[in-house]
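The next block holds one structure in the form of structure tokens; read it before the comments.
The values are calculated or read from the model by the stated rules, or taken from the named source; none is laboratory data. Predicted model only: the values in this text are computed from it and were never measured. Here the Cβ positions follow ideal geometry from the backbone for every residue, glycine too, while neighbour counts run over all protein chains shown.
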Amino acid sequence: METYNTVLNHVVQPQTPEERDEADHTTLSDFQALWFVEALREYANYGDHDKDVQADIAMAYVEFINKKIRDEGRRSVNLYTHTDVAVETLLDALLEYKEKVDAGKYSRSVCQEVEDCVGDLWIDVAGANEVMVSE
């Protein structure tokens, strides 16, 4: 298990507005984020992790979402990814969750919207080199 400070290096919200604007992130609405909490929690507890730290990162996102949406009553949340493993965790959690659950159980639009946000973030952060190579 990673230490608290080590996990924060992957997901922490930058302090200043300028840093937040420049940091790699995706924005989810409150209902999208709360839907994603279930996927992240499942991944943290039962997922097939490539890296041990991914379970801790997934739980950090769960705690961050709950703090912003449930405790502070925000209507949206920015999920920051400062490392490749952070964005990989978001993508892996989403993809594993989609494989395990009945797709008809959820509104396609919520699932698809979260997938679009996470996918775009992955392309921006971790996939840029791979996308350029394939062109």
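Could you tell me which residue of the stretch 71-87 is farthest from VAL118 (Cα to Cα), considering only residues that are among the charged types (D, E, K, R), in contact (Cβ under 8 Å) with a residue 12 or more places away in the chain and out of contact with any Asp or Glu (no Cβ under 6 Å at 6 or more places or on another chain)?
Taking the candidates together, the pick is ARG74.
Would you mind finding the one in LEU91, LEU40, LEU79 that is touching a Cys at 6+ places or on another chain (Cβ under 9 Å), under 30 Å from PRO17 (Cβ atoms) and outside any loop (DSSP other than H, G, I, E, B)?
On the way: LEU91 fails: touching a Cys at 6+ places or on another chain (Cβ under 9 Å); LEU40 fails: touching a Cys at 6+ places or on another chain (Cβ under 9 Å).
Unique residue meeting the criteria: LEU79.
SER76 is checked against (1) modelled with pLDDT of 90 or more; (2) surrounded by 14 or more Cβ atoms within 10 Å (Cβ to Cβ); (3) within 20 Å of ASP124 (Cβ to Cβ); (4) of a type in the set (S, T, N, Q) and fails just one. What number does that condition carry?
Single failed check for SER76: (2).
Scan the stretch 31-58 and report the pairs whose first residue is closer than 19 Å to CYS117 by Cβ and whose second residue is polar (S, T, N, Q) and surrounded by fewer than 18 Cβ atoms within 10 Å (Cβ to Cβ), with Cβ atoms within less than 7 Å and a gap of 6+ or a chain change.
Between residues of the stretch 31-58 that are closer than 19 Å to CYS117 by Cβ and residues that are polar (S, T, N, Q) and surrounded by fewer than 18 Cβ atoms within 10 Å (Cβ to Cβ), the close pairs are VAL37/ASN66.
Output the number of the condition that ASP48 fails; it satisfies all remaining conditions of (1) surrounded by fewer than 16 Cβ atoms within 10 Å (Cβ to Cβ); (2) in contact with an Asp or Glu (Cβ under 8 Å, 6 or more places away or on another chain); (3) over 23 Å from VAL101 (Cα atoms).
Single failed check for ASP48: (3).
What's the number of the only condition in (1) within 12 Å of the chain's Cα centre (by Cα); (2) under 14 Å from VAL11 (Cβ atoms) that VAL53 fails to meet?
Only one criterion is unmet by VAL53, namely (1).
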